[in-house]
1. May I ask you to list the residues in segment 109-145 that are out of contact with any Gly (no Cβ under 8 Å at 6 or more places or on another chain), farther than 22 Å from Leu234 by Cα and assigned to a loop (DSSP other than H, G, I, E, B)?
2. Check Val216, Val231, Val177 and return the single one that is touching a residue at least 40 places away in the same chain (Cβ under 8 Å) and touching a helix residue (DSSP H, G or I) at 6+ places or on another chain (Cβ under 8 Å).
3. What pairs come out if I take residues in segment 89-114 that are farther than 20 Å from Arg153 by Cβ and modelled with pLDDT of 55 or more and pair them with residues that are of a type in the set (Ser, Thr, Tyr) and surrounded by fewer than 14 Cβ atoms within 10 Å (Cβ to Cβ) whose C-beta lies under 9 Å away, six or more apart or interchain?
4. Pairs, please: C-beta under 8 Å, at least 6 apart or cross-chain, first residue under 18 Å from Arg112 (Cβ atoms) and in segment 1-19, second among the hydroxyl-bearing types (Ser, Thr, Tyr)?
5. Filter segment 250-267 down to the residues that are of a type in the set (A, V, I, L, M, F, W, C) and assigned to a helix (DSSP H, G or I) and list them by number.
6. Pairs only if they're at least six apart or on different chains, beta carbon under 6 angstrom, first in segment 137-149 and among the aliphatic types (A, V, I, L, M), second assigned to a helix (DSSP H, G or I); list them, first residue then second.
7. Could you tell me whether segment 146-158 includes any residue that is more than 13 Å from the chain's Cα centre (by Cα) and either closer than 20 Å to Pro223 by Cα or in the same structural domain as Glu20 (by TED's automatic domain parsing) (or both)?
8. If I filter segment 217-237 down to residues being farther than 23 Å from Ala140 by Cα and surrounded by 11 or more Cβ atoms within 10 Å (Cβ to Cβ), which single residue comes out as modelled with the highest pLDDT?
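The values are calculated or read from the model by the stated rules, or taken from the named source; none is laboratory data. Since the model is a prediction, treat every value here as computed from it, not as a measurement. Quick reminder, even Gly has a Cβ in these numbers, built from the backbone with ideal geometry, and neighbours come from all protein chains shown.
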Amino acid sequence: MDRARLAEYLRTRREALQPEDVGLPRGQRRRTHGLRREEVAVLCDMSIDYYSRLEQPRGPHPSEQMLGALARGLRLSLEERDHLFQLAGYATPRRTADSEAGSAHVNPGMMRIFDGLQDAAAQVVSHLGETLLQTPLSVALLGDERAHAGLARSMHYRWFTDPATRSRHPQEARLIVADLHAAFVRDGAGSRAGSIVEALLSSGTEFAALWREHPVAARYCGPTRIVHPSVGVLDLHCQRLVDPDQSQQLVVYTAAPGTESAEKLRLLSVLGASA
């Protein structure tokens with residue numbers, strides 16, 4: 001680990017970002033060139049003390065998970081992320097869609113779009129239905145989907161094993177299986193998709209029966225019904241922006257203006273995650 005060069009690299013990347021680049025207000029009397037350290041700490045979901053020590057440099061050896069958070073928070077490209085890992089003494093992460101959801105890298109361009117949607121119900125998900133980022137309204141609507149661990153990070157897996165997920169997302173089972181089937185065909189049996197499929201095949205007959213049919217479906221979102229535990233049924237429309245290189249999707253839920261669902265979505269934006 002090259003502490004001095006790592007610290008310098010973090011500082012230069014922090015100073016290259018402006019508040020508007022990451023969806024933050026500029027405010028008045030800003031004298032800092034680029035982002036403040038406390039702003040980067042919030043973006044990376046770490047303490048200001050931890051981040052400051054990395055820049056000074058007198059911090060601990062960051063884990064790969066922490067480096068992934070730094071790469072996302074500083075909006076690094078894949079090449080810049082790889083350099084960050086090398087400075088910290090790690091091998092360059094694999095550039096595959098089979099990364100653990102907690103360490104998956106989000107394209108900076110998609111991050112910029114996501115930053116501009118903080119008032120919308122938006123989230124970035126992997127091709128396995130693993131939520132990587134959520135806006136506050138998305139958390140209020142769907143719950144904190146980043147809180148799950150292991151195979152349960154995948155909504156595909158939770159839909160067949162967790163009654164609460166199924167009740168909130170009353171979708172057609174065949175569409176869930178078809179989406180997972182596409183990931184399995186592309187990634188192979190030895191992939192993370194393969195682990196999910198293997199676990200679901202041994203957990204019950206419903207998934208196994210649909211899996212044997214080799215279902216194929218287009219990645220279309222369209223009309224979606226969400227059953228929220230506090231405000232009830234919301235009939236929404238969702239749009240997907242797909243990043244083919246990293247097999248991630250930006251999903252945005254909206255309601256038709258003037259409808260009851262639009263009013264419920266507005267209410268959730270006020271109540272937040274406590275709803």
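1. Within segment 109-145, His127, Leu128 meet the criteria.
2. Values: Val216 fails: touching a residue at least 40 places away in the same chain (Cβ under 8 Å); Val177 fails: touching a residue at least 40 places away in the same chain (Cβ under 8 Å).
From the options Val216, Val231, Val177, the qualifying one is Val231.
3. What qualifies is Pro108/Ser77.
4. Pairs found: none.
5. First, the residues of segment 250-267 that are of a type in the set (A, V, I, L, M, F, W, C): 250-252, 255-256, 262, 265, 267.
Residues satisfying the conditions are Ala262, Leu265, Leu267.
6. Leu137/Ser269; Val139/Ala273; Ala140/Leu268; Ala140/Gly272; Ala140/Ala273; Leu141/Leu268
7. First, pick out the residues of segment 146-158 that are more than 13 Å from the chain's Cα centre (by Cα): 149-152, 156-158.
Okay, now just the ones that are also either closer than 20 Å to Pro223 by Cα or in the same structural domain as Glu20 (by TED's automatic domain parsing) (or both), so 156.
Yes - at least one qualifying residue is present in segment 146-158.
8. Initial filter on segment 217-237 (farther than 23 Å from Ala140 by Cα): 217-220.
Then drop every residue that is not surrounded by 11 or more Cβ atoms within 10 Å (Cβ to Cβ), which leaves 217, 219.
On the way: Ala217: 69, Arg219: 61.
Result: Ala217.
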